[in-house]
Every structure is written in C-alpha cells, then in structure tokens.
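Q: The structure's right below; bear with me while I get my questions together.
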Amino acid sequence: MNQAQPTAHRDDQGGEQFALRVDGVSKYYGSQAAVDDVSFALEPGTFLTMLGPSGSGKTTTLSMIAGFTAQDRGSITVAGRDISSVPPHKRGIGVVFQNYALFPHLTVEQNVAFPLEMEGMRRREALVKAREALEMVELGNRAKHQPKQLSGGQQQRVALARAVVFEPPLLLMDEPLGALDKRLRTQMQIEIMRISRNLGSTVVYVTHDQEEALVMSDLIAVYNNGSIEQIGSSRDLYETPRTRFVADFIGESVLLPCTDFGDGTCGGAGWRGDAPSRAAYTPEGRGVLVLRPEDLALVPEDDGAAAADAAGAERANSILGVVTDVIYVGSALISLVEARDGRELEVRTPRSEAALAVRRGDRVRVSWRPENAVIVPDDMEEARGVGGELATRQILAPGR
Ligand code: ADP
Ligand code: MG
C-alpha cells in the first residue's frame, strides 16, 4: 500500500476503522507549545515510533493519548471513540513507561494480575492470565519471585507482561528500554515486536534512539519543536526526507546549500548540476541538496570526463575538495573531504583497490547521481509556507 496516499477506511456502520486517530492536538505550558498541532491516524496493527530529540513533545503526546494529560486543542479517538472525557484506566490502553515501578510487596505474578483484578476479574482467573503473559516474556519460571530478586531487564519484562496481560488493542511505550544495556535492549526490541505482532496490537513507541526506531517500526514520526516534521516508513524518511532536520536526524547525510534555477539545473558554492527530480517543498528554489555518503563517489580532481561519466550526465554533479581523512571500517572506506568552502563531506566507498589507494591530502572531485539526491527546504516553516499536503496530515497504514 502506498503510505503517502490517504486511505479512507470505514467499517460497515460507516464508522472509522483507525485504531488511533490524533487530530490537530496541541498542549501548551504557559505560552509555550509542548505539542503543536499534531495529527496522524493509524490502522490497526501499525507499529509507530515517535523519534526526536529530548523536549520535542513525544512524552506529552503519549501522555495525552493515555489520558494522563489533557490536550488544549484537538481530538483523540481510539477505534472510532472520542476518548477525551474517558479516564486513563477506562481507555483500555496498555502503557509501559521508562520508570516501570512494580509493586515491591507483590510477587511477579501478582504484579501482572493486578490490572485484571482492578477490572473485577477473580483472582484465580487473573493469575492464570498473568502466568500466560509471563510465559510470553519468558519469565514463567519467575512467577513466585519478588521483583527485587530480578535483574533490571527481567523487571522491565514483567512491566511489559503487565501492560499486555489484558491484550490491549493499543499499546503505548515511552522509552521502555532506556535503562537497559545494549545487549538487553536488542533482545527486548525483538521481544516487543514479537509480542505486539502476536497480539495484533497497534503500538505507539517513543525513543530518541534512531537505530531502535529504524529496527522496530512500520512508521516513524520525526518530532522537532513540538511538531511532527515527517511521518513515514524508515525508507521514506531515509530516501525522501522532506525537511533539513529529518535529513540530518535520520542516518548520515551530506547537506549542500543549493538553489534550484528552475531550468533543470541547480547549484551552490563551487558546484552546479542537474536538479533532482525528487525536489520537494522548496520555496523560491532555495533549499538544501541532501546526499547520502554511500551515494557519493571519489574521482581524481582533473578528470572532468570521468566525473561526468560517474554522474551519468553531461553536467558534472560534483564538487572539488581535499581528502582530510580516510577511515577503514572493514566493509567500506569512509573518506572525509573538505570542500573549498570549508564544508566537510563524508564519502562511503565499498572496499576496492581504487578506494584503498585514496590518501589524505589527495585533491579529489566528489560526484553524485542526481537521482540519488533530493532538495529540501531549510526549515519546517518554509515547508509549511509552500502549501500542499503536509506530511503530518497523511493517513497511514501498517507496512506489514
Ligand atoms: P520529549 O518526551 O520529546 O523529551 P516532552 O513531551 O517531555 O518531550 O516535553 C516537551 C516540552 O514540554 C519540553 O519543553 C518540556 O520542558 C515541556 N513540558 C513537559 N511537561 C511539562 C510540564 N508538566 N510543565 C511545563 N512544561 C512541560
Ligand atoms: Mg520523553
């Protein structure tokens, strides 16, 4: 399914089938917007990750969905029901936060059974369910333990079991793996994906870890300053960023200030080339040319023909510079090249004899194919100013 296209999914009654719909939601603290007009809609079973720097509004958004914080504007619907006036414990949403505080005086299985008993389920039945949930997180053999007898990673798995024990159609997780070491994180990432998939739950997951977002998600919403700058699959964000911030935040990038001359060419300080066909949202033709290090090639400085050749075009889509460093990383060589305007370009070349011959101090031409480039506006305000459909207005479907 093409995720860029709005999909109007309706059930037989004509109601919406979105598992979660957030519509124009804002939250202010004083005059400051913590969350500024955020909108998205998720089809059931979608795993959405909110990714962004600290203070960009991720937790506040999640907290409004969970019902711990009231929004000042906009609406939130879960499975077609407006939940604005529904208290948190009646929203039927599973929640896992970084501070997963288990009850210290209860056993592991009692901790997990707790939400079910709160809902009025009889203790014996609740404990049976709790055992099943603990099996899911591979802690069936720790049911009778006290939380303090478990490692941090095991405690976090208990918190996960407690959040999924009532098989919530919607699961919210705010940096649940933040306190764990790298190895446990990786293990838990896979576990969370497996469990949510088995339950068929829709997940909204928060992290500031780009790699975690890329690994886990169907969709990523990139937050900046309280707004979603772009929402899409990992591939969309990497290959077709819509703003400079997204290009910079997702993966490694080389950013060249550029003007689109409107005649099929573009250029900047010390270079000129073909305007990429994937130019988007560039007001008055000014923006930033985004390139990825693996899409750049190094050719000798004086070899203009080779540059044109490597670029697959008549015009040389290239810029001159001096190699300042060559880093051998096994599968590839990373060359750092200083362009004439002082800008540093990272070039990632597969291992080859030619690549291995590159030396610090070499004068080179860094070239690219225009089809691997995209032009983006300098900031979100410009992106908004251009009009057209904003990324944050897209309706999104799961990619699996
Ligand atoms: P993130 O989770 O992306 O790190 P938050 O949603 O926690 O960001 O915070 C977004 C902004 O709102 C920040 O500037 C933060 O300081 C502010 N903020 C969050 N909660 C409160 C609060 N209770 N009172 C005042 N400001 C808050
Ligand atoms: Mg947060």
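The values are calculated or read from the model by the stated rules, or taken from the named source; none is laboratory data. In this text the structure is predicted, and so the values were computed from the model without any measurement. Virtual Cβ from ideal backbone geometry, glycine too; neighbours counted across all protein chains shown. Remember, those area values only see protein heavy atoms, side chains included, never the ligands or the DNA or RNA. Shrake-Rupley method; radii C 1.70, N 1.55, O 1.52, S 1.80 Å.
Q: Tell me which residues, restricted to the range 214-267, are more than 23 Å from the chain's Cα centre (by Cα) and open to solvent by 30 Å² or more (accessible area, probe 1.4 Å).
A: Hits for the range 214-267 are P257, T259, D260, F261, G262, D263, G264.
Q: If you go through the range 97-119, how many residues are modelled with pLDDT under 90 and open to solvent by less than 70 Å² (accessible area, probe 1.4 Å)?
A: 3
Matching residues to (1) under 30 Å from A247 (Cα atoms); (2) acidic (D, E); (3) without any contact (Cβ under 8 Å) to a residue 12 or more places away in the chain:
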residue	(1), (2), (3)
Q110	no, no, no
E117	no, yes, yes
R122	no, no, yes
G140	no, no, yes
K144	no, no, no
G153	no, no, no
V164	no, no, no
Y205	yes, no, no
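Q: Right, next: Restricting attention to the range 172-213, which residues are over 17 Å from the mean Cα position of the chain (by Cα), at pLDDT 90 or above and not in a helix (DSSP H, G or I)?
A: Correct list: G200, S201.
Q: Further question on the same structure: Scan the range 268-297 for residues that are under 15 Å from N372 (Cα atoms) and within 23 Å of the chain's Cα centre (by Cα) and report the count.
A: Matching residues across the range 268-297 total 11.
Q: Continuing with this model, one more query. Failed condition for D23, given (1) modelled with pLDDT under 95; (2) away from ligand 2 (no atom under 16 Å from the Cβ); (3) more than 18 Å from the chain's Cα centre (by Cα), with all others met?
A: Looking at each condition in turn, D23 falls short on (1).
Q: Residues in the range 118-129: is at least one within 16 Å of ligand 2 (Cβ to nearest atom) and in contact with an Asp or Glu (Cβ under 9 Å, 6 or more places away or on another chain)?
A: No, the conditions are met nowhere in the range 118-129.
Q: Still on this structure, please answer the following. Determine which single condition V290 fails, assuming it passes every other condition in (1) touching a helix residue (DSSP H, G or I) at 6+ places or on another chain (Cβ under 7 Å); (2) surrounded by fewer than 22 Cβ atoms within 10 Å (Cβ to Cβ).
A: (2)
Q: Another question, then. Can you pull out the residues in the range 32-70 that are away from ligand 2 (no atom under 16 Å from the Cβ), open to solvent by 40 Å² or more (accessible area, probe 1.4 Å) and over 27 Å from F249 (Cα atoms)?
A: Across the range 32-70, the qualifying residues are P44, A70.
Q: Taking the range 71-105 only, how many residues are outside any loop (DSSP other than H, G, I, E, B) and more than 16 Å from ligand 2 (Cβ to nearest atom)?
A: Matching residues across the range 71-105 total 13.
Q: Polar (S, T, N, Q) and in contact with an Asp or Glu (Cβ under 6 Å, 6 or more places away or on another chain): does that describe S63?
A: no
Q: Give M193, M188 a once-over and let me know the one that is open to solvent by less than 10 Å² (accessible area, probe 1.4 Å), touching a helix residue (DSSP H, G or I) at 6+ places or on another chain (Cβ under 9 Å), more than 14 Å from A113 (Cα to Cα) and of a type outside the set (S, T, N, Q).
A: The match here is M188.
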